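The values are calculated or read from the model by the stated rules, or taken from the named source; none is laboratory data. Remember, predicted model here, so these are calculated numbers, not experimental data. Backbone-built Cβ (ideal geometry, glycine too); neighbour counts: all protein chains shown. Note: accessible area is taken over every heavy atom of the protein model, side chains too, but ligands, DNA and RNA are not part of it. Shrake-Rupley method; radii C 1.70, N 1.55, O 1.52, S 1.80 Å.
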Amino acid sequence: EFSGKLLIKLENDNVRLQDLQISLKNIEGIHQFGVFKGLRLQLIAEPKKLMSESFAAKQQPLSFDVPLIKINAAIEQLDVGIMLDNIELQSTLFNRQGDWYLKQLLAKANIFSGWADIHDEEIKLSETMRFDVRIHQLSLHEIIKTQQVRDLNVTGKVSGVLPLEYVDGEIHVLDGNVYSLTGGRIDYQTPLSEQGDLNEQLKLTLDVLKNFNYTALN
């Protein structure tokens with residue numbers, strides 16, 4: 001569903017965009033990372049910042065010199081291999097010497113019974129981007145389930161920072177640190193512990209992991 005307002009002023013050979021407000025909602029679709037639904041998007045241009053070039057003689061489409069566009073977006077659900085819910089994004093899109101940037105980016109999403117957010121002063125939109133994602137109280141049990149590790153159950157919640165890099169349409173986790181200060185439990189049951197040819201150190205480790213309570217985890 002699309003609605004909006006576009007105010008254009010014509011003066012001789014010049015076209016000036018004076019106001020732009022666009023709203024889209026209930027969008028569903030497929031992207032290179034997965035599927036999404038319930039997207040709401042609002043674009044609001046700063047009228048005083050929008051200046052167009054003369055295009056009548058050049059036969060070129062309307063263009064802008066250093067536009068500023070405020071972006072408010074919300075996505076009900078985004079499937080990127082893991083499910084993200086209630087995504088909110090606020091930022092300002094602007095152009096500097098031909099390159100596009102997001103300024104004062106604020107983004108938040110629910111994930112693994114916790115949430116993640118991005119707070120960045122400025123990100124250049126390009127084929128390679130890097131930004132830090134802060135995670136808060138993510139469920140270890142739900143994270144382990146995505147890895148399909150049999151006979152392993154971990155409880156507790158972790159927080160921390162993950163530096164992500166976007167390269168050629170793919171997202172990579174470069175490094176990072178997550179920690180739990182609330183404690184939890186590790187239960188690892190494996191048939192390996194029943195084998196008689198294990199050395200004592202490995203056997204002791206596997207026995208401990210059958211019922212291991214921790215107070216801190218990094």
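A few comments on the model shown:
- Counted residues, region 2-23 - those being open to solvent by 70 Å² or more (accessible area, probe 1.4 Å) and either among the hydroxyl-bearing types (S, T, Y) or farther than 17 Å from I71 by Cα (or both): 9
- Which numbered condition Q148 misses (of (1) surrounded by fewer than 17 Cβ atoms within 10 Å (Cβ to Cβ); (2) touching a Ser or Thr at 6+ places or on another chain (Cβ under 9 Å); (3) closer than 30 Å to G183 by Cα): (2)
- Of the set (1) polar (S, T, N, Q); (2) touching an Asp or Glu at 6+ places or on another chain (Cβ under 6 Å); (3) within 18 Å of A216 (Cβ to Cβ), all apply to S159 but (2).
- Only residues that are modelled with pLDDT under 90 and either of a type in the set (D, E, K, R) or surrounded by 17 or more Cβ atoms within 10 Å (Cβ to Cβ) (or both) were counted in region 102-126, giving 8.
- Evaluated against (1) at pLDDT below 70; (2) of a type in the set (A, V, I, L, M); (3) in a strand (DSSP E or B); (4) more than 25 Å from the chain's Cα centre (by Cα), A57 falls short on exactly one condition, (3).
- Count of residues meeting criterion [under 30 Å from D120 (Cβ atoms) and touching a residue at least 24 places away in the same chain (Cβ under 8 Å)] in region 176-200: 6
- Residue match in region 191-212 (condition: over 30 Å from F131 (Cα atoms), in a strand (DSSP E or B) and either in contact with a Ser or Thr (Cβ under 8 Å, 6 or more places away or on another chain) or open to solvent by less than 40 Å² (accessible area, probe 1.4 Å) (or both)): no
- Residue count, region 157-175 (criterion: touching a residue at least 12 places away in the same chain (Cβ under 8 Å), surrounded by fewer than 11 Cβ atoms within 10 Å (Cβ to Cβ) and within 17 Å of V80 (Cβ to Cβ)): 2
- Within region 86-101, the set of residues being open to solvent by less than 50 Å² (accessible area, probe 1.4 Å) and under 30 Å from Q148 (Cβ atoms) comprises I87 only.
- Residue that is among the hydroxyl-bearing types (S, T, Y) and more than 23 Å from D117 (Cβ to Cβ), where the choices are T146, T155, T182: T155
- Only one of V154, V178 that is surrounded by 13 or more Cβ atoms within 10 Å (Cβ to Cβ), within 22 Å of the chain's Cα centre (by Cα) and among the β-branched types (V, I, T): V178
- Checking E127, E121, E142 one by one, the residue that is closer than 19 Å to D79 by Cα and among the acidic types (D, E) is E142 and no other.
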